[in-house]
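The values are calculated or read from the model by the stated rules, or taken from the named source; none is laboratory data. Computed from a prediction, not measured in an experiment: that's the story for all the values here. Every residue, glycine as well, gets a Cβ built from its backbone with ideal geometry; the counts of neighbours run over all protein chains shown. The accessibility values were calculated without ligands, DNA or RNA, using every heavy atom of the protein model including side chains. Shrake-Rupley method; radii C 1.70, N 1.55, O 1.52, S 1.80 Å.
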Amino acid sequence: AFREQLAEKLRRGRLPGAVRYLVCADPPGPRIGNGGSTLHALRCLEEQYGDQWISFTVLLIHSGGYSQRLPNASALGKIFTALPLGDPVLQMLELKLAMYIDFPRHMKPGVLVTCSDDIELYSTAATETITFDKPGFTALAHPSDVAVGTTHGVFVLDPASFSGKGGLEYGSCYRFLHKPDVETMQQSGAVCVRKHCPQLSCPGSHGDSGTASECVYTDSVFYIDHSTAKQLLGFYKQMGTLCCEIDAYGDFLQALGPGATPDYTKNTSNVSREGSGLVGVRQQLYSLLQGTPLNVIVLNNSQFYHIGTTQEYLFHFTAESKLRFELALQPVAFSIFPDTAKALGQVSVIQSVLEPGCVVGPGSVIEYSRLGPEVSVGKGSIVSGCCINFRVDIPSNCLLSSVSVRGADGVEYVTMVFGVGDDLKRSVKSLPDLHSLQFFGASLPECLDLWSVEASDQLFSSEDTCLGLWTARIFPVCSTLSESVRMSLNMLSSVQHKSAFKLSGFQLLSVEEMLTYKDVKDMLKFRKQIYDEICLQRQKEKSDF
């Protein structure tokens, strides 16, 4: 999916042509986390380019994961999330490259590691430059509220190397804390008092600019110089096969700085599933990296944004968010949105065709979709990759996302539907516990009864005991895109109105299976049809004018 989308961008001249692009999938077997993926990507670079890779400046973007908290990005990847910006629209990949465009010329050979669902905006003086040229690791640091530190990495800065003044400062880090509690941050000296908190900094602080405010410096992007990257690659080769999830932030950065201790290696409270030998692997990484410097580039006038969950995505794209203002996000981006279609408040319409008469409620995002004249979308909903040509009221707070799948008789279609607040990561171990899973405000067993679906082990697609909304086979496979949306909305309507809607007779897939059987080419073809239609409409408007 990634290679196909990259090739299309290069064909259209939407990406720099002189850059090498490499897509590395994790090796088969147990999940290895973004730390394991970083090590594996280094190996892929060496296999592809031999010793030449040592002279490269590399941007490594972690774009895997199932995107369970933003499922409309699951099929084609979070790094290809469309933004309500540009004409044609930009995706996260182009934004990342634009944000980091000045880095390579001030960077010695090495690897810059980032994620696919965060955005770092910063302001520096004309004479200030972000330079990655020191041995070891170098990380960007952003001022944040202390509460934000509990879900991020936090730097304990060496006071001798840091004054807290100016837009950009180079300092060294005494110790790195991974998702620490407030008490730990205070005891380890991570909390700073800032006399002046410019508007761009300290998100969530409500003091006016003259007041002192407490903040911590949190992580985002980090750089590994080439000799440290070579060391890490040597470690990975020596390991043979990884059987546990390593975190590139928690497990690499916590080993660094003069104040690092091996205590974290035994703490598995932040780990989603503890793989075989995790503590041992962490201890080996600690021994390998201990004493390696952690340099910090403190961006005092910066902000870190995350758009990897449905709530964050809706907020930043449709509410009065600072990100929306700073990036000049558009309510209608590269779409056909006639005057006779209505937006009831702040919306975000991205590369979509809306017919006259269609109504979109406030706080909703429509992307890569075609909505007919009798479609009404409620508040705070996400509609992605859908074709809806029938009369329907899509409820508020609903996520609707269609996926093309390869069936025995060619392409077929499945549409997932959830409440935007439904927890797709949550799972239970046994059938009697299913009642704790919520689908659009109702318990899953209640929904299964309404749909005449039996709660059994066969209902779930996972081989282990992960029984959850992600693995529940509840979505009907249909022969057309429009029909699959209709069936899924009927399921939702039956839950809302407590009325029966029988799913017997349909082949049913889980979201997990949709991703296994997805037909990437067909999904991209649908997007291309919308793209071509919008271009054609633009040309027609120009010639009429």
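Going through region 323-347 one residue at a time, which ones are open to solvent by 20 Å² or more (accessible area, probe 1.4 Å), touching a helix residue (DSSP H, G or I) at 6+ places or on another chain (Cβ under 9 Å) and not polar (S, T, N, Q)?
Scanning region 323-347 gives R324, L327, P331, I336, G345.
Kindly establish whether S116 is touching a residue at least 24 places away in the same chain (Cβ under 8 Å), under 30 Å from D532 (Cα atoms) and small (G, A, S).
Considered against the rule, which asks whether it is touching a residue at least 24 places away in the same chain (Cβ under 8 Å), under 30 Å from D532 (Cα atoms) and small (G, A, S), S116 comes out as yes.
Need at least 1 residues that are at pLDDT below 90 and under 20 Å from T150 (Cα atoms) per element, so show me which strands (runs of 3 or more DSSP E) inside region 194-312 make the cut, counting only ones lying wholly within it.
On the way: elements: 213-225, 294-299, 302-306.
Filter on region 194-312 gives 213-225.
Every residue in region 527-544 that is open to solvent by 30 Å² or more (accessible area, probe 1.4 Å) and among the hydrophobic types (A, V, I, L, M, F, W, C), please.
Across region 527-544, the qualifying residues are C535, L536.
Does F315 satisfy the criteria of being closer than 26 Å to H178 by Cβ, part of a strand (DSSP E or B) and under 24 Å from the mean Cα position of the chain (by Cα)? Lay out the reasoning, then the answer.
Numbers: closer than 26 Å to H178 by Cβ: yes; part of a strand (DSSP E or B): no; under 24 Å from the mean Cα position of the chain (by Cα): yes.
No: the conditions fail for F315.
Tally the residues that are buried (at least 17 other Cβ atoms within 10 Å of the Cβ), more than 28 Å from the chain's Cα centre (by Cα) and over 23 Å from T184 (Cα atoms), restricting the search to region 236-270.
Matching residues across region 236-270 total 0.
E8 is checked against (1) closer than 22 Å to Q91 by Cβ; (2) without any contact (Cβ under 8 Å) to a residue 60 or more places away in the chain; (3) not aliphatic (A, V, I, L, M) and fails just one. What number does that condition carry?
For E8, the exception is condition (2).
Quickly run through region 1-20 and pick out the residues that are surrounded by 14 or more Cβ atoms within 10 Å (Cβ to Cβ) and assigned to a loop (DSSP other than H, G, I, E, B).
Correct list: A1, R14, L15.
Would a scan of region 106-123 turn up a residue that is assigned to a helix (DSSP H, G or I), open to solvent by 10 Å² or more (accessible area, probe 1.4 Å) and modelled with pLDDT of 95 or more?
Yes, because at least one residue in region 106-123 is assigned to a helix (DSSP H, G or I), open to solvent by 10 Å² or more (accessible area, probe 1.4 Å) and modelled with pLDDT of 95 or more.
Scan region 137-185 residue by residue and report those that are surrounded by fewer than 19 Cβ atoms within 10 Å (Cβ to Cβ) and part of a loop (DSSP other than H, G, I, E, B).
Hits for region 137-185 are D145, T150, T151, D158, S163, G164, K165, G166, G167, K179, D181.
Would you pick out the residues in region 89-102 that are in contact with a strand residue (DSSP E or B) (Cβ under 9 Å, 6 or more places away or on another chain), in a loop (DSSP other than H, G, I, E, B) and open to solvent by 20 Å² or more (accessible area, probe 1.4 Å)?
The answer is L90, and nothing else.
Yes/no per residue for (1) surrounded by fewer than 16 Cβ atoms within 10 Å (Cβ to Cβ); (2) under 16 Å from S402 (Cβ atoms):
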{"site": "V477", "(1), (2)": "no, yes"}
{"site": "H497", "(1), (2)": "yes, no"}
{"site": "L509", "(1), (2)": "no, yes"}
{"site": "E512", "(1), (2)": "no, no"}
{"site": "V520", "(1), (2)": "no, yes"}
{"site": "M523", "(1), (2)": "no, yes"}
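Does at least one position in region 348-361 carry a residue that is among the polar types (S, T, N, Q) and modelled with pLDDT under 95?
First pass over region 348-361, keeping only residues among the polar types (S, T, N, Q): 348, 351-352.
This time we only want the ones that are modelled with pLDDT under 95, so: none.
No: region 348-361 contains no residue that is among the polar types (S, T, N, Q) and modelled with pLDDT under 95.
In region 11-32, what residues are of a type in the set (A, V, I, L, M) and touching a residue at least 24 places away in the same chain (Cβ under 8 Å)?
L15, L22, A25, I32
Return a yes/no flag: does region 511-524 have any residue that is polar (S, T, N, Q) and either in contact (Cβ under 8 Å) with a residue 12 or more places away in the chain or assigned by the TED database to the domain that holds G65 (or both).
no
Would a scan of region 144-154 turn up a residue that is hydroxyl-bearing (S, T, Y) and over 14 Å from T218 (Cα atoms)?
No.
Report, by residue number, each residue of region 527-545 that is modelled with pLDDT of 95 or more and among the polar types (S, T, N, Q).
Q529
Select from region 216-260 the residues that are among the hydroxyl-bearing types (S, T, Y) and in contact with a strand residue (DSSP E or B) (Cβ under 8 Å, 6 or more places away or on another chain) and list them in ascending order.
Hits for region 216-260 are Y217, T218, S220, Y223, T228, Y249.
Please indicate, with yes or no, whether at least one residue in region 69-82 is more than 29 Å from T131 (Cα to Cα) and open to solvent by 30 Å² or more (accessible area, probe 1.4 Å). Steps first, answer last, please.
Here is the first cut: in region 69-82, the ones more than 29 Å from T131 (Cα to Cα) are 69-77, 82.
Next, from what is left, pick out any that are open to solvent by 30 Å² or more (accessible area, probe 1.4 Å): 69.
For region 69-82, residues more than 29 Å from T131 (Cα to Cα) and open to solvent by 30 Å² or more (accessible area, probe 1.4 Å): present.
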